[in-house]
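Report on the structure given below.
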Amino acid sequence: MTSKAKPTSSKSVLRWPWLKKRNVDRVPGEQPEDRPEVPTQPMIDALDRGTDAGCSQSLSIGVASNAATPWSSEERQLEHPTSSGLEIAQATVSSAGASSSFFPNASNLVVKSLQINAHQHESNSNNPGWERLLQNTAPNALHDSEYRFDPPKCDEDTRVEVTGELMGWIQDRDSPQRLLCMTGAAGSGKSALQQTVAEECSGKGILASTFFFSSTDPTRNTVSAVIPTIAYQLGSNNPTLREAISAAVIKDPLIFKKSLKTQMKTLVISPFENLSRAISEAELAALPYAIFIDGLDECTNEQRQVELLETIDDCFLQNGALPFRIFIASRPEWAIRSALEVTGYLHHKTYHIQLSDQYDASGDIRRSLSRRLRELGRRSGDPRAQSPSWPSEEDIETLVVNASGQFIYAATVIKFVSERRSSPVDRLRAVITWTPEDRAQPFAALDLLYTNIVSAAKEAYEAAHPEQDFLLLLRVYELLGRGRCTVTRFAPSTVNQILDLEDNAHRWLISDLRSLVTTVDFRGNAISPWPVKLLEFYHKSFIDFLESASRSNSLFVPESRVFEFVTESCIRALDRDDSSASYSVNVFICYFLVGPLADDGSGSPLLEAISHRLPEATKRWEKVEKCVSEESERYQLANPRLFSSLFRTVFAGWLAYLSHALLEHENLDQETYRRIQTSYDKWEQISRSLRKN
């Protein structure tokens, strides 16, 4: 039906649906009758000025001619006057009245379906419960996290049988076993399977949450963030759950310091049970229900692994009303192995896939290696690599046998061969010649591969840097970069300064280790709030290799030697007059040299190394105090909210340091003794104040 032309005016003609009874008998497509009622002048002026008149905005704007168009069902969103949204069905603005509007130069502008919703776009600052939840999550643990860019996944037409079994179990919601545990040796492809199946579930709309543990990432190598991260993902999928979870956090702000079981019941179970009572069975069945937890063995504390498994048992498996199906992947370490064995509490409740025993991955590894190597050959400038006969079937079979079912072996070979500085033909030949003599050792082939890569890198590096110890430096970057025995991870750039090395020393060190180690961006933490580059070791099995004397043999460097070397470097750094390195020196002195002294325990390689050098360090107590004071000041300015809780350990260590200085040097002159005692009293007062807060 052709609409009548609307007269223009210097003010917008607005139609408000609730001011006139809706014509429910109107023929579809028929123009609604004119409505003389208009909003009050203040509201019109507010809209013309571009203000929100007390509401948040959600605009849908269409530009049309002067002829009005019929309302569609979408344009009539509000069915009742009590709806929370406001809809401006149509507003034709003339050029004369547009000078102070949203679009000052527009002519014949038609605004359709303007929805103003005060609640739809609330910021986190208006939702303190949700904001507090976000502060306790681990974004890096999500399956689609940017930190896990290009995560391991199954190649096309590989692992088809096992992925089919996994998806079949997840989608069989009538199965009585609602927990699936997939165990397998290091490098057997567990994480790749989790990632692949998680992405498939996401595409089907049934993925509720994911959490990928990583022993090298302090944001996701403990259980503390698991339940908040699960709750965040569940709340993101459902606004009602989000509000309930936020309310629970507001009601109990200390919920994140409570047991995992209490967190799970408060943040997940209770909100979901309340939701299930408020919606129909069909709506409940349509909610995402698949929960993925990968790499449980990479959680740093075995007792916390047990606690998480027991929490899942108590809160999910013993509650038949919940729709969730949980998929956990892990190496068969003690926590999960003891729970799944015949006498374990999860044995009869779990669908258990023993990946290394139940599936022969040789065929999948063969297909993956063949495809990847031929792709490398096509991109190579070496005519030998572009030949259809490369790689030969014999070469592929040798690699498959050496892999012993470990996808990590195949992944490491591909990374090694893809080094652009050499021909893939030559690199592959080097790999093929590294055939282990004793196949009885489960990681013999992998260890031999690591040994040869590291040995070659060592030879090349030390030829260019004869004054440096390659293996020692590699272990320094590895231990300090992972935060082993320290309260923070140290960036390579900071390590370089404390060791008095060139700025890019770490890049030279790993230039021939790119198949095993890379650099990644780290957005920072409370101690280092700005983005930095960290070294990332691709595979946990490589770290295991470096830490095992029986596996790495002549390449092994004990932790004690690393910490002795770094402690010596800290003392030398105190004597250097280098203002450009002052930040790095402060950080190392506080978190490496001083902080560990707060630990009363014994047997720590770091504490032993510091104790050996403590008499030398205490002679430089004034310089150490300057480092502590400057870092304390910087930290308090950068993050006052976390200062009290996170810097407390440094203060405790500093007091132990001063006590040692007083006890060890009884022959100090009275003036020096008095000054150290005064310093102790000052910092003890500060520390006492922090403990009260």
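The values are calculated or read from the model by the stated rules, or taken from the named source; none is laboratory data. Since the model is a prediction, treat every value here as computed from it, not as a measurement. For neighbour counting, all protein chains shown are included, and Cβ atoms are generated from backbone atoms with ideal geometry for every residue, glycine included. Quick note on the areas: whole protein, heavy atoms, side chains included, nothing else; ligands and nucleic acids left out. Shrake-Rupley method; radii C 1.70, N 1.55, O 1.52, S 1.80 Å.
In this structure, is residue 157 in contact with an Asp or Glu (Cβ under 9 Å, 6 or more places away or on another chain), on the phi > 0 side of the Ramachandran plot and in a loop (DSSP other than H, G, I, E, B)?
Here the answer is yes, as residue 157 does meet what is asked.
Restricting segment 567-594 to residues that are open to solvent by less than 10 Å² (accessible area, probe 1.4 Å) and not hydrophobic (A, V, I, L, M, F, W, C), which is modelled with the lowest pLDDT?
It comes out as 584.
Give me the pairs: first residue in segment 129-146 and of a type in the set (D, E, K, R), second residue crowded, with 16+ Cβ neighbours inside 10 Å and in a helix (DSSP H, G or I), beta-carbon distance under 6 Å, and six or more apart or on different chains, which are they?
Short answer, once both residue conditions are applied: 132/249.
I'd like to check something: does segment 328-335 contain any residue that is open to solvent by 60 Å² or more (accessible area, probe 1.4 Å), modelled with pLDDT under 90 and charged (D, E, K, R)?
yes
Which members of segment 258-283 meet the condition of being among the polar types (S, T, N, Q) and at pLDDT below 95?
Across segment 258-283, the qualifying residues are 274, 276, 280.
For segment 235-247, give me each residue that is assigned to a helix (DSSP H, G or I) and open to solvent by 20 Å² or more (accessible area, probe 1.4 Å).
Answer for segment 235-247, where residues must be assigned to a helix (DSSP H, G or I) and open to solvent by 20 Å² or more (accessible area, probe 1.4 Å): 236, 237, 239, 240, 242, 243, 244, 247.
Criterion first (of a type in the set (Asp, Glu) and open to solvent by less than 20 Å² (accessible area, probe 1.4 Å)) does residue 382 satisfy it?
So residue 382 fails the test.
Only helices (runs of 4 or more DSSP H) wholly contained in segment 321-399 count here; list those with 3 or more residues that are farther than 22 Å from residue 303 by Cβ.
355-358, 362-379
I'd like to check something: does segment 160-171 contain any residue that is touching a Cys at 6+ places or on another chain (Cβ under 8 Å), farther than 25 Å from residue 313 by Cα and of a type in the set (S, T, N, Q)?
No - not one qualifying residue is present in segment 160-171.
Each row is one residue, and each column tells you yes or no for (1) over 28 Å from residue 266 (Cα atoms); (2) crowded, with 16+ Cβ neighbours inside 10 Å.
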site: 152; (1), (2): yes, yes
site: 174; (1), (2): no, no
site: 184; (1), (2): yes, yes
site: 209; (1), (2): no, yes
site: 225; (1), (2): no, yes
site: 233; (1), (2): no, yes
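Are any of the residues in segment 248-255 in contact (Cβ under 8 Å) with a residue 24 or more places away in the chain and either closer than 30 Å to residue 365 by Cα or surrounded by 20 or more Cβ atoms within 10 Å (Cβ to Cβ) (or both)?
Taking every residue of segment 248-255 in turn, at least one turns out to be in contact (Cβ under 8 Å) with a residue 24 or more places away in the chain and either closer than 30 Å to residue 365 by Cα or surrounded by 20 or more Cβ atoms within 10 Å (Cβ to Cβ) (or both).
Right, residue 361: crowded, with 16+ Cβ neighbours inside 10 Å, modelled with pLDDT of 95 or more, in contact with a Ser or Thr (Cβ under 8 Å, 6 or more places away or on another chain) and of a type in the set (Gly, Ala, Ser) or not?
No, not satisfied.
Let me spell it out: the conditions are (1) assigned to a helix (DSSP H, G or I); (2) within 25 Å of residue 231 (Cβ to Cβ), and residue 162 meets all of them except one. Which number is the exception?
(2) is the only condition that residue 162 fails.
Those residues that are open to solvent by 40 Å² or more (accessible area, probe 1.4 Å), in contact (Cβ under 8 Å) with a residue 12 or more places away in the chain and either in contact with a strand residue (DSSP E or B) (Cβ under 7 Å, 6 or more places away or on another chain) or closer than 17 Å to residue 171 by Cα (or both), I need them from segment 271-320; list them, please.
If the condition is that a residue be open to solvent by 40 Å² or more (accessible area, probe 1.4 Å), in contact (Cβ under 8 Å) with a residue 12 or more places away in the chain and either in contact with a strand residue (DSSP E or B) (Cβ under 7 Å, 6 or more places away or on another chain) or closer than 17 Å to residue 171 by Cα (or both), then 285 is the only one that fits.
Which numbered condition in (1) open to solvent by less than 20 Å² (accessible area, probe 1.4 Å); (2) at pLDDT 90 or above; (3) β-branched (Val, Ile, Thr) is the only one that residue 110 fails?
(2)
Here are some residues: 521, 600. Which one is more than 26 Å from residue 659 (Cα to Cα) and either crowded, with 20+ Cβ neighbours inside 10 Å or modelled with pLDDT under 90 (or both)?
521
Just one of 556, 651 is at pLDDT 85 or above, closer than 30 Å to residue 455 by Cα and either surrounded by 21 or more Cβ atoms within 10 Å (Cβ to Cβ) or touching a helix residue (DSSP H, G or I) at 6+ places or on another chain (Cβ under 6 Å) (or both); which is it?
Step by step, each of 556, 651 is checked, and only 556 is at pLDDT 85 or above, closer than 30 Å to residue 455 by Cα and either surrounded by 21 or more Cβ atoms within 10 Å (Cβ to Cβ) or touching a helix residue (DSSP H, G or I) at 6+ places or on another chain (Cβ under 6 Å) (or both).
Can residue 347 be described as touching a helix residue (DSSP H, G or I) at 6+ places or on another chain (Cβ under 8 Å), of a type outside the set (Ser, Thr, Tyr), open to solvent by 40 Å² or more (accessible area, probe 1.4 Å) and under 18 Å from residue 162 (Cα atoms)?
Answer is no for this residue.
Would you tally the residues in segment 400-414 being of a type in the set (Gly, Ala, Ser) and outside any helix (DSSP H, G or I)?
2
Can you find a residue that is of a type in the set (S, T, N, Q), part of a helix (DSSP H, G or I) and at pLDDT 95 or above anywhere in segment 208-227?
Looking through segment 208-227, none of the residues is of a type in the set (S, T, N, Q), part of a helix (DSSP H, G or I) and at pLDDT 95 or above.
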